Amino acid sequence: GFNAFWYSHHLFVIVYVLFIIHGCFLYLSKKWYKKTTWMYLAVPMILYGCERLLRAFRSGYKSVKILKVAVYPGNVLALHVSKPQGFKYTSGQYIYVNCSDISPFEWHPFSITSAPGDDYISVHIRTLGDWTSQLKGIFAKACQPANDGQSGLLRADMLPGKPSLPRMPRVRIDGPYGAPAQDYKNYEVLLLVGLGIGATPLISILKDVLNNIKQQEEDLEEGEVESGVKSNKKKPFATKRAYFYWVTREQGSFEWFKGVMNEIAENDKEGVIELHNYCTSVYEEGDARSALITMLQSLHHAKSGVDVVSETRVKTHFARPNWRNVYKHVALKHPDKRVGVFYCGAHGLVGELRKFSLDFSRKTDTKFDFHKENF
C-alpha cells in the first residue's frame with residue numbers, strides 16, 4: 001500500500017528529467033535566453049529541493065534518544081523518545097518518523113500521544129504494513145517480557161545502568177504538523193470520539209487537560225489564582241469539561257493507555273474529564289449472554305475499584321454507544337454552549353456523528369462543531 005504510493009509518486013523525477021531533455025533538444029533552433037522550459041521547471045524544483053533540505057536539516061537537528069519501548073496487544077508499538085530542545089507542539093498534531101535501519105527515505109506520519117507539558121515525545125504505532133512490521137520487529141529484539149506492574153507484552157526502559165540491552169536503532173523525527181484535533185483549545189466543552197488506534201491524538205488532548213488540572217491545583221495551593229491579580233505567565237486554559245468515548249474491538253486494546261486512564265481517575269477529583277470505554281467484541285448490554293460478565297464486572301469494580309475487562313479504574317461498556325443518547329447527555333449538561341466534537345477513526349462513523357451534530361445544533365440551544373480525522 002504505502003510503498004506503492006510512495007514509489008509511484010516519486011516517478012515525477014523521471015518526468016522532470018524527460019522535460020529537461022525535451023527542452024534541451026531545442027538548442028539548435030533557439031538561443032538559450034529564448035528557451036522557456038526552465039521557467040516551468042525552476043520554481044517547483046526549487047520549492048521541492050528547499051522542502052527536502054529543510055526536512056533533512058530539521059530531522060538532523062532534532063536528534064532523539066529512545067527512552068522507552070513497549071509492545072502491546074493488538075500489534076501496537078509505543079515509542080517514547082527524548083524531546084529535542086526547542087521542540088514545541090500542540091496536542092492533536094502529528095510528526096513524521098524515520099528509521100534508517102529500515103529505509104533512509106521513508107517517513108511515516110503518527111499522531112503524538114504525549115502532552116506538550118511532558119518532557120518526552122511518545123507515539124503509538126499499529127503494525128499494518130511492511131514498514132511498521134519491520135519497525136516492531138527491530139524494537140522487539142531489544143525488549144523483554146514486562147515485569148509485574150508494568151504494562152505491555154514486551155518492554156524496554158532505557159535507564160542508566162542497563163548496558164546489556166541491544167543497540168537501539170536510530171530514529172529521526174520531523175514536525176510537528178497541524179491536524180484538525182489541535183483546535184480543541186477553542187472550546188470550553190469537548191466531545192472526543194476515538195475508534196481503535198484513532199484515539200491517539202485524543203489521548204494527547206486528555207493528558208494536556210489533566211496536566212492543566214494539576215497546574216491549577218498547584219496554583220490554588222500557592223494562592224496565585226485567588227489573589228485577584230491577573231497572571232501574565234500564559235493564557236488561561238479554555239477547556240472546562242471533556243467527554244471521551246473510546247470504541248475498540250479487542251479487550252487487549254485498553255492496555256495501550258491504561259496508565260493515562262488510571263492517572264485521570266486518580267487526579268481528576270473535580271470530574272472535569274468523563275471517560276467511557278466500549279468493547280464491541282462483547283454482546284450488547286442487557287443480552288443474557290453478557291449478563292454474567294456484567295455481574296462479575298460490577299462486583300469486581302465495587303470491591304477493588306478496578307474494571308475486570310480493561311484492568312483500569314474506568315468501567316467498560318459493551319457493544320457500541322448510542323450516539324443519540326451521548327449527544328443528548330452533553331446537550332442537557334451544557335445548554336447555550338458551543339461543543340467541539342473531535343472524531344478520529346475509520347470513515348464509517350463520520351456520517352452518523354456529523355448528522356447528530358447538525359440535528360442537535362438545530363433542535364437544542366447547544367451548538368456542536370464537528371471535526372474529523374480519518375485513520
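The values are calculated or read from the model by the stated rules, or taken from the named source; none is laboratory data. This structure is a prediction, so every number in the text was calculated from the model and none was measured. Cβ atoms come from the backbone with ideal geometry, glycine included; neighbour counts cover every protein chain shown.
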> If you take the residues of the stretch 332-354 that are farther than 21 Å from Leu202 by Cα and part of a helix (DSSP H, G or I), which of them is nearest to the chain's Cα centre (by Cα)?
Replying inline: Lys333
> Among the residues of the stretch 119-127, is there at least one that is in a loop (DSSP other than H, G, I, E, B) and assigned by TED's automatic domain parsing to the domain that holds Thr90?
Replying inline: yes
> Going by the conditions given, is Lys88 among the basic types (Lys, Arg) and either surrounded by fewer than 16 Cβ atoms within 10 Å (Cβ to Cβ) or part of a loop (DSSP other than H, G, I, E, B) (or both)?
Replying inline: yes
> Which residues, taken from the stretch 106-118, are outside any loop (DSSP other than H, G, I, E, B), farther than 17 Å from Phe5 by Cβ and touching a His at 6+ places or on another chain (Cβ under 9 Å)?
Replying inline: Ser111
> Do the conditions hold for Ser281, that is, is it in contact with an Asp or Glu (Cβ under 7 Å, 6 or more places away or on another chain), within 26 Å of Leu191 (Cα to Cα) and either modelled with pLDDT under 85 or in a helix (DSSP H, G or I) (or both)?
Replying inline: yes
> Give me the pairs: first residue in the stretch 182-204 and at positive phi, second residue modelled with pLDDT under 95 and hydroxyl-bearing (Ser, Thr, Tyr), beta-carbon distance under 8 Å, and six or more apart or on different chains, which are they?
Replying inline: Gly196/Thr248; Gly196/Ser253
> Scanning the stretch 65-85 for residues that are at negative phi and part of a loop (DSSP other than H, G, I, E, B), which turns out surrounded by the most Cβ atoms within 10 Å (Cβ to Cβ)?
Replying inline: Lys83
> Hey, Pro73 hits all of (1) closer than 30 Å to Val13 by Cβ; (2) at pLDDT below 90 but one; which does it fall short on?
Replying inline: (1)
>> Pro160 - would you say it is part of a loop (DSSP other than H, G, I, E, B) and either modelled with pLDDT of 85 or more or buried (at least 17 other Cβ atoms within 10 Å of the Cβ) (or both)?
In response: no
> Which condition number does Ser103 fail, the rest of (1) out of contact with any strand residue (DSSP E or B) (no Cβ under 9 Å at 6 or more places or on another chain); (2) assigned to a strand (DSSP E or B); (3) of a type in the set (Ser, Thr, Tyr) being met?
Replying inline: (2)
> Got at least one residue in the stretch 212-225 being under 25 Å from Asn322 (Cα atoms), over 21 Å from the mean Cα position of the chain (by Cα), in a loop (DSSP other than H, G, I, E, B) and at pLDDT below 90?
Replying inline: no
> Restricting the search to the stretch 101-122, which residues are within 25 Å of Pro180 (Cβ to Cβ) and of a type in the set (A, V, I, L, M, F, W, C)?
Replying inline: Trp107, Phe110, Ile112, Ala115, Ile121
> Going by the structure shown, is Ser361 crowded, with 18+ Cβ neighbours inside 10 Å, outside any strand (DSSP E or B), without any contact (Cβ under 8 Å) to a residue 12 or more places away in the chain and in the same structural domain as Lys258 (by TED's automatic domain parsing)?
Replying inline: yes
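Rundown of residues vs (1) within 21 Å of Phe237 (Cα to Cα); (2) more than 12 Å from the chain's Cα centre (by Cα), yes/no style:
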| site | (1), (2) |
| --- | --- |
| Thr90 | yes, no |
| Tyr94 | no, no |
| Cys99 | no, yes |
| Ser114 | yes, no |
| Leu135 | no, yes |
| Pro145 | no, yes |
